[in-house]
Amino acid sequence: MPNKGELKVISVSRLNYLISHCLSINYPLIKVEGEISQILVSKAKHMYFTLKDEHSCVRCVFFNVDPELLSFNPEDGNQVVVEASPSIYKARGDFQLKVLKIAKSGSGKLFERFLLLSKKLKSEGLFEPENKKEIPSFIESIGIITSLDAAALRDAIITINNIIPRIRVKIFASLVQGDKAPEELIKAINLAESDDDLDVLLLIRGGGSLEDLWAFNNENLIRNLAKVSKPIITGIGHETDTTLSDLVADYRAATPTAAVEIIGVQEQKLIHKFNENRTRLRKTFIDFIRVQEQKFDLLSIKIKSPRDELILKDNNFKHAYLRLIEIKKNLFNTLKYRIDQTERRLSALNPLAILKRGYCVLYKKNYSEVITSINQIVESDQLDVKLFDGNASVLVKNIKKLNK
């Protein structure tokens with residue numbers, strides 16, 4: 001046994017083992033917050049990076065990373081929280097963190113707030129199916145609440161022009177991200193709600209992180225949406241994104257484009273219903289004619305041979321026949337009129353019918369914006385025109401405003 005004050009000599013390997021063992025026993029799992037730097041992903045899908053703060057840094061390794069299972073794409077400069085096991089790389093004695101989970105700093109707290117508020121609002125019945133409003137079968141005008149600079153707005157307008165160009169669109173501008181966004185969204189929604197011309201409201205924005213979409217989880221906004229009398233369709237973020245606004249809305253679409261397509265589906269259902277009614281009407285007419293023909297055949301069989309009876313029956317038959325012809329003629333005209341009326345109504349619903357009558361849709365250059373007012377254009381503007389049978393580009397040479 002060594003004398004008092006005498007230290008036992010150990011090998012470097014033993015030293016690294018003792019440190020590693022001490023760490024694994026006392027700190028099997030820790031959470032560390034810091035900024036990512038010098039990130040590198042190997043071909044074997046191992047992620048190496050440094051986690052740092054103002055005063056220190058530590059090396060980290062994340063083995064067998066599956067990008068699809070990450071909530072975000074880690075990059076240099078990201079502020080993150082890692083769940084890791086501290087260890088020593090025994091071959092060099094380097095201290096490192098073996099990362100098991102990684103999340104953006106604050107995301108965990110936000111998600112916890114999301115779950116708590118979701119539970120609270122659900123317990124109040126705000127998400128119940130019986131509170132959802134039906135989308136009207138015939139839609140003439142919609143209101144879109146979003147940012148004027150959003151790609152989501154451009155995508156929505158393009159989709160509307162492609163599948164339901166007859167529908168009128170009003171845009172209600174608002175911030176869709178940041179601390180001021182919920183208040184602006186509420187004002188825009190209330191303004192759209194007060195517009196009696198609108199049949200449906202679309203609340204849309206593009207994708208983003210939980211932080212980017214957080215405005216759509218604001219409690220005041222959710223309660224305001226629950227009180228809106230018009231049907232609301234949300235298209236917020238991507239298919240994997242879900243906000244509380246989606247849960248309280250009457251319909252939730254995976255993307256802004258998909259939100260417009262829901263209205264397009266309603267249009268197709270209406271056209272399909274008219275086609276079904278027209279087919280049913282024609283079948284009713286054919287069935288009636290067949291029944292009358294059968295009655296005619298029965299009358300022919302019942303005619304007796306005696307002369308007087310034969311003459312009487314013959315007269316009755318001729319009278320019945322003429323009456324039947326008249327009935328058939330009247331019924332045919334009536335049914336034909338109804339069919340023609342149905343076909344005219346159906347044609348009126350055709351998105352191209354308006355353009356066939358000599359109207360056109362006028363756009364800013366490259367179809368970026370629908371022109372609804374003379375105030376949107378100036379001389380020398382190059383505009384795009386959509387007609388029934390094609391498109392054209394025009395140059396504005398003269399502008400004349402109407403005095404109202």
Mind listing the long-range amide H neighbours of Cys57? Cut-off is under 5 Å, sequence gap 5 or more, other chains count too, H placed in the peptide plane at 1.01 Å from N.
none
Please list the non-local residues whose amide H lies under 5 Å from the amide H of Ile371, H modeled 1.01 Å from N, same-chain partners needing a gap of 5 or more.
Leu362, Tyr363, Lys364
Largest-first principal axis extents of the Cα set of segment 136-256 (Å)
37, 27, 22
Among the trypsin sites (Lys or Arg not before Pro) in segment 307-385, which ones are in a DSSP loop with at most 15 other Cβ atoms within 10 Å of the Cβ? Mind listing them?
Arg357, Lys364
If you stretched the chain out fully between Glu379 and Leu116, how much longer would it get, using 0.36 nm times the residue separation minus the C-alpha to C-alpha distance?
89.1 nm
Checking the table Lys170/Lys227; Lys98/Lys119; Lys336/Lys386; Lys365/Lys401; Lys170/Lys401; Lys283/Lys313 against a 23 Å threshold on Cα-Cα, which pairs fail?
Lys98/Lys119; Lys336/Lys386; Lys283/Lys313
Cα centroid distance between segment 126-191 and segment 360-402, in Å?
24
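Kindly provide the helix-only [θ] at 222 nm of the chain, computed as the sum of -39,500 (n - 2.57) over DSSP H runs of four or more divided by all residues, to the nearest 500 deg cm²/dmol?
When only DSSP H runs of four or more count, the value is -14000 deg cm²/dmol.
Using a simple charge model, +1 on the beta-carbon of Lys and Arg, -1 on the beta-carbon of Asp and Glu, nothing else, what dipole does segment 12-105 show about its Cα centre, in debye to the nearest 20?
Rounded to the nearest 20 debye, it is 500 debye.
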Glu83 to Lys45: FRET efficiency via 1/(1 + (r/R0)^6), r the Cβ-Cβ distance, R0 25 Å, to the nearest 0.05?
0.85
Diffusion coefficient in µm²/s returned for the chain by Stokes-Einstein, Kirkwood Rh over C-alpha pairs, 10 °C and 1.306 mPa s, is 56
Within straight cross-link reach of Lys295, meaning Cα distance under 13 Å, which aspartates and glutamates are found once same-chain residues fewer than 8 apart are removed?
Asp287
So which lysines pass the test for Lys104, namely a Cα distance under 19 Å, with those fewer than 8 places away in the same chain ruled out?
Lys31, Lys52
Are there trypsin sites (Lys or Arg not before Pro) in segment 177-254 that DSSP puts in a loop and that have at most 12 other Cβ atoms within 10 Å, and which ones?
Lys180
Peptides 386-399, 49-62 ordered by average Cβ neighbours within 10 Å, highest first
49-62, 386-399
Please list, or write none, the aspartates and glutamates whose alpha carbon is within less than 18 Å of the alpha carbon of Lys133, excluding same-chain residues fewer than 8 places away.
Glu124, Glu193, Asp195, Asp196, Asp197, Asp199, Asp246, Asp250, Glu261, Glu267
If I histogram all Cα-Cα distances within segment 356-395 using bins 10 Å wide from 0, what percent of pairs lands in each bin?
31, 57, 12
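Based on DSSP, what percent of beta bridges with both residues in the chain are antiparallel, to the nearest 5?
For the chain, the DSSP antiparallel bridge percentage is about 65.
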Restricting everything to alpha-carbon atoms, can you work out Rg to Rh for segment 37-159 with a Kirkwood hydrodynamic radius?
1.18
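A short reminder: the numbers here are calculations on the coordinates, not readings from a lab. Keep in mind the model is a prediction, meaning the values are calculated, not measured. Counting neighbours? That spans all protein chains shown, and the Cβs are built from the backbone with ideal geometry, glycine included.
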